[in-house]
Amino acid sequence: MVSFLGVLCIGCGTLGNDLPSDEEMINSFRSKVSTFTEVVELLQEFPSWEGFDSMNKKYYSSQYHGYWPDVAECRSYFGEERASKIDSLLREIECQQIHFGYFYTGAGKTGSPPIEFTFDCYNDGLSIGPGISKSFIYCSDPIDSLALKSEIGYMEYKPSTVFVTGGDLDSLYYDIRKKEIEREERINFIKLRRRIADNWLIELEYFH
């Protein structure tokens, strides 16, 4: 898989030529689908991150977000052998990190598995200002209509545009940014998603 070194020219609204195309990402995914699947199967074994409130004498639970490999509680739960196995698999698919959300059914109850895993493979500038990324997304519900929705958010006081993406994400992104300049609209973020397999999507995300 080619490393991402994409450069975004904010002034002219263009995207760097090094950003991997949809086709490149799809081909890479297909060649390593068993590795992607193995990572998801391992990460779905997360425990319930509940605690006990000694002052109020009751259990509490909450929505949990994290990034592998940066969450110490996760590594501690899995143990070094399994944690190292996940690290090795991520190197194989050339993934920098995985974002996950952990959702609970209620206080004192067992947490449900994460709904989505975002495999962060290509990004540029996200920590220092305007940036763009392309990721693989695993969605636990392959028929969830919300998972396929794309969105454009504006800096002006106006509703976000929500739609289902069809076709090439890069071409759609270029078209959106071109119209942004023509209409003198200021876009805050763009999130575009496209299904590539039953439970898998690719996502192009831009933040101003």
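The values are calculated or read from the model by the stated rules, or taken from the named source; none is laboratory data. What you are looking at is a predicted structure, and each value in this text was computed from that prediction instead of being measured. Because the Cβ atoms are built from the backbone with ideal geometry, glycine has one as well, and the counts that use them run over all protein chains shown. Quick note on the areas: whole protein, heavy atoms, side chains included, nothing else; ligands and nucleic acids left out. Shrake-Rupley method; radii C 1.70, N 1.55, O 1.52, S 1.80 Å.
Taking residue 189, is it out of contact with any Ser or Thr (no Cβ under 8 Å at 6 or more places or on another chain), part of a strand (DSSP E or B) and either within 19 Å of residue 25 (Cα to Cα) or modelled with pLDDT under 95 (or both)? Yes: the conditions hold for residue 189.
Restricting to the range 164-187, give me the number of residues that are among the hydrophobic types (A, V, I, L, M, F, W, C) and open to solvent by 50 Å² or more (accessible area, probe 1.4 Å).
The first filter runs over the range 164-187 and keeps only residues among the hydrophobic types (A, V, I, L, M, F, W, C), leaving 164, 169, 172, 176, 181, 187.
Filter again for open to solvent by 50 Å² or more (accessible area, probe 1.4 Å), leaving 164, 181.
The number of residues fulfilling the criteria is 2.
Taking the residues in the range 146-163 that are under 17 Å from the mean Cα position of the chain (by Cα) and in contact (Cβ under 8 Å) with a residue 12 or more places away in the chain as candidates, determine which candidate is surrounded by the most Cβ atoms within 10 Å (Cβ to Cβ). The qualifying residue surrounded by the most Cβ atoms within 10 Å (Cβ to Cβ) is 150.
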